[in-house]
Every structure is written in structure tokens, then in C-alpha cells.
Amino acid sequence: MKIDRMIGILSVLLQKDKCSASELADSFEVSPRTIYRDIEALSMAGIPVTAERGKNGGIYIMEGFALDKTLLSSDEMKAVIAGLRSLDSVCSTGKYGRLMNKLSVDSLNSGSIIIDLSMWDKASIAPKIEQISRAVEERKIISFTYYSPDRTEKRRIEPYRLIFQWSSWYVWGWCEKRQDYRMFKLSRITELAVTDTIFCERELPPYTCDKLRHAKGEVYARVSFDSSVKWRIIDEFGTELPEFSESGEIFLDFNWTDKISLFQYILTFGDNAEIISPENIRRDFSEYVMNIFRKYDTQLSD
């Protein structure tokens, strides 16, 4: 990806007085023309990188830039390295590891921060990330089959962002079916394909990460939790939303998007959670649980 290469080029130029386009091209496995385009992009971004052609020419950063050409401090470079390591945890090609080697900052390669962005099914997620990343760069529509809680259907989207949040990978883009921006979880995507259809980039709205978006619907319930699951409540909701009683019991008011997904969430706590109001939601939850019980009770009595 272009941004990775530009970080690498800057690192090389910050450590060498001058470097030829062919040297950089060989290091990053691209053409000299691509290097010159990268240099132009860096210059437009406000970094005074100069390219001089000819026998004694080369590419270099102008003297006096950023306190003796120190663009990134040691701590800042460590953060870059940690970020590249995290990308390599989901990349099947190992290209980010090779980029770290090209940065040639040996003292930073033994950093104390390890970020693993991979999931338990890395073997299936990593190729999807590669495909979608390529589609974003080439502005090509992707198609796939998507499994949601209430249906399975084909989707086509203009992909704009690959997002890692809530311990999972997602793709965010313009959905042709919904005519709006939607986010799709990569683990629920199958039959992913990058089409030949090129899309014109839209004026994107700002992306916002709302961890509790599913808990802002119209289905209200007040739930009590046993103190044994306090760790999980704090992990998922922080300390401001829950009410902590002196006896250790925890209370939360939910406004869930739909009743069934609320019931399924409450069941993940086993007998450490109880819907205490309103009465109609308690009754519906009881019936939901009894339907599960009847299924197993019938099998046990046969």
C-alpha cells in the first residue's frame, strides 16, 4: 500500500543524506516512476523532499527540516513499528514485516508493544482483508453473500474502509441494496469477489464508532447482574452506565434494537442475569427460555 511505502521512503531519507530513485525502487520493489510519484505526494503533503536528476543527483530531504531532519522521535517511530507489526498479524503475505526490515531501525525492532489484530479464523479473514484492501485502492465494487441474524442475502458495496473494532474486522462502504452506508462483519462474509466495476468516490461522511449502537433501540428492559460478572459489565459498558449496589448487585437499563437479540445477549450470562422489568418483557423472555427447555426436555424423555 502506498502509505506504507511512503513511511519507508521517509525513514530511508532520514538516515541517508541522499538516495537515488533506482535504489529506492529496488528496495520497495516498484518502478522509479512510482518512487517519483511518491516523492511528489510527500512534497504536496508539506514535507520538503527534493529530487535532482543527473549524474550527481538524487532524492533527499532539504537541510534544516524539522530539527536536523528528525521527522519522527524514537517513541513516535516505535509507535509506527508497533502499528506495522499489528498489520502483519492479519496479512498473509508478510509484507509489513519486510517493510519493517527496510526501515532499518534495528534498535526499535525489539519494542515492548505487541498488537495482534488477528482472529481465531485468521486463515479465512486474512485473504478477505487483502481482497478488500485491493478493492479500496482500485475503487472497485465488491460482491459477497452476507449472513445476518434474520436473513442471508447477496450484497454489492463500494468499499471505503477496513475497520478493526469490538475485537472483529469489518468493511464499511456504500451498499447498493440499502442505498446508504453500511458496515459488514468479515467473518459473516462468504463468496467474496472483487468485480470489474469501478465506482466514483463519494464525499464520505465522518465515520463514528458507537460501541453501544445496538443498545439504543426501542425495546426497554431493566436487568440485574450478579457481582460475579462485574468484570464483564465493566469491560463492555464501563463504569458510568451501570448502577452498583452496596450488596454487589449490578443494574443496567437497556434500550435494545430488537427483543430477540436482547434475549440472546442476556442468555450469554447464564443464571447471572435477570430481567426485572417491565413485566411483559419478563414474560416474553420466560416463554423464550421455556421454548428452549422444551426442545431439550423432549429429547431427554424419549
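What follows draws every value from the coordinates through simple rules; no lab data is involved. Note that the structure is a prediction, hence the values are computed from the model and not measured. All Cβ positions, glycine included, derive from the backbone under ideal geometry; neighbour counts span all protein chains shown.
Quote the FRET efficiency, to the nearest 0.05, computed for residue 200 versus residue 26 with a Förster distance R0 of 45 Å and r equal to the Cβ-Cβ distance. Taking R0 as 45 Å, the efficiency between residue 200 and residue 26 is 0.80. Once R0 is set to 41 Å, what does the formula 1/(1 + (r/R0)^6) return for the Cβ-Cβ distance between residue 260 and residue 137, expressed as a FRET efficiency to the nearest 0.05? After rounding, the FRET efficiency stands at 0.60.
Separation of the alpha carbons by more than 30 angstrom is noted, of 55/140; 128/177; 177/259; 128/230; 177/295; 259/295, for 55/140; 128/230; 177/295. Can you list the GluC sites (Glu not before Pro) in segment 229-286 that are in a DSSP coil and have 15 or fewer other beta carbons within 10 angstrom? Answer by residue number: 240, 246, 249. If the segment from residue 130 to residue 40 were pulled out straight at 0.36 nm per residue, it would be longer than the present Cα-Cα gap by 29.7 nm.
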